[in-house]
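What follows is a short report on a single structure.
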Amino acid sequence: MSTPRDRDRDGFDDGDGRGWQEPPHLGGGGSGDDEDRPNVADRRKTPRDEPPANQPWQPPGWDLPAAEPDRPAPRDDAPPAQYPPPQVPPSEQAPYPPQQHPQEQHPPQGFPPPEQPAPRGLFGRRRRKPGAVEQVFRYEGDLVGAQGWALQQGWTVSDGTAPQDAPLADLIASAPVRATKDHRAGNVLRGRVGTLELVAFDVVYASGRYLVPEYAITAVPMLGSVPGFRLSPARFWRHRTGGLVPMPSGDQAFDARWLLLAAEDDPRLRRLAQDPAVHALLLGSDDGDEFWSGAGDHIAAIRPDGHRPQLLEHHARLLTAITAALTSGY
């Protein structure tokens with residue numbers, strides 16, 4: 001049962017309003033007195049500093065000074081800089097010269113400027129100029145002066161495409177090496193050494209835009225027929241030796257290092273196998289050459305190298321001794 005002393009739980013009086021009071025959470029008490037009580041909202045004594053309406057808020061001390069250089073601006077009437085700078089007497093020079101900016105460095109007078117790197121092309125870096133080593137070892141038909149040596153001896157020079165060079169293809173095909181259809185004769189040299197007419201050339205193949213010499217052949221054209229034979233170092237691997245039989249010399253030192261294969265039992269080959277001059281020359285070499293009879297009427301020497309003056313003279317000495325042994329009975 002309610003009495004007049006009871007009031008609404010929400011703080012409102014349903015009567016004439018004289019008993020109204022603020023709710024407790026707003027500071028109103030149950031006694032109805034008008035004493036002031038502190039409010040949580042009034043604890044901040046100073047209001048927040050609001051930024052101006054046209055500027056965003058930023059923490060104190062955030063403003064930075066204007067980005068202006070301390071150095072004075074150049075005058076319009078100032079003279080242009082001079083390079084190199086004027087000379088300063090030694091007594092007035094600083095202990096360490098000031099370091100120049102990379103763009104202000106200039107080459108010393110009397111020296112050419114440094115070489116700039118090659119610019120890039122459409123598909124990458126352009127082909128650079130070959131260096132000194134590449135220019136020396138690049139094959140251009142005369143690797144180390146063979147043509148110059150031949151011209152000094154009165155020889156003739158051709159590139160292997162002349163009509164008289166056509167029989168050289170058969171000589172390459174009969175060589176005791178694995179030549180392919182891509183090999184051809186190049187840097188052909190013809191001349192006389194003593195009583196022999198020699199033809200020397202490189203067996204080359206194309207690799208891109210260059211010709212690479214793989215073998216050097218020196219041959220002697222003979223007037224008559226030549227028996228088939230092959231004279232090779234014993235350490236070499238031999239192929240295409242069908243129909244050839246060994247012909248020992250009787251000299252154990254020579255037979256241990258060299259092997260003569262003959263197609264027939266011919267007295268000329270027996271003289272070659274037992275010739276002391278041939279033995280002396282071959283035993284004094286590095287066992288790097290092979291000799292054979294090919295293309296019907298040629299006696300040739302081959303070595304895995306490009307021709308050079310020393311190799312031309314070396315082959316000329318050996319071929320002179322071999323042909324002398326084969327033709328000594330005539």
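The values are calculated or read from the model by the stated rules, or taken from the named source; none is laboratory data. Fair warning: this is a prediction, and the values are worked out from it, not measured in the lab. Every residue, glycine among them, receives a Cβ derived from its backbone with ideal geometry; neighbour counts consider all protein chains shown. Quick note on the areas: whole protein, heavy atoms, side chains included, nothing else; ligands and nucleic acids left out. Shrake-Rupley method; radii C 1.70, N 1.55, O 1.52, S 1.80 Å.
So the values come out like this:
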{"read-out": "Solvent-accessible area of Ser249 with every protein chain in place, 1.4 Å probe, in Å² to the nearest 10", "value": "20"}
{"read-out": "Residue-wise HN-Hα coupling along segment 297-303, computed from phi with Karplus coefficients 6.51, -1.76, 1.60 (Hz; x: Gly, Pro)", "value": "9, 10, 10, 10, 10, 9, 8"}
{"read-out": "Inter-label distance, nm, simple model (7 Å from Cα along the C-beta direction), Asp265/Arg238", "value": "1.8"}
{"read-out": "Residues whose placed amide H lies under 5 Å from that of Leu259, excluding near-sequence neighbours", "value": "Ser232, Ala234"}
{"read-out": "Listed peptides 202-208, 176-182 by packing density, highest first (mean Cβ within 10 Å)", "value": "202-208, 176-182"}
{"read-out": "Total formal charge among the other residues, if their Cβ is under 10 angstrom from that of Leu259, Lys/Arg +1 and Asp/Glu -1", "value": "+3"}
{"read-out": "Rounded to the nearest 10 Å², the accessible area of Glu313 at probe 1.4 Å", "value": "80"}
{"read-out": "Heavy atoms of Ser158: accessible area, 1.4 Å probe, square angstrom to 10", "value": "30"}
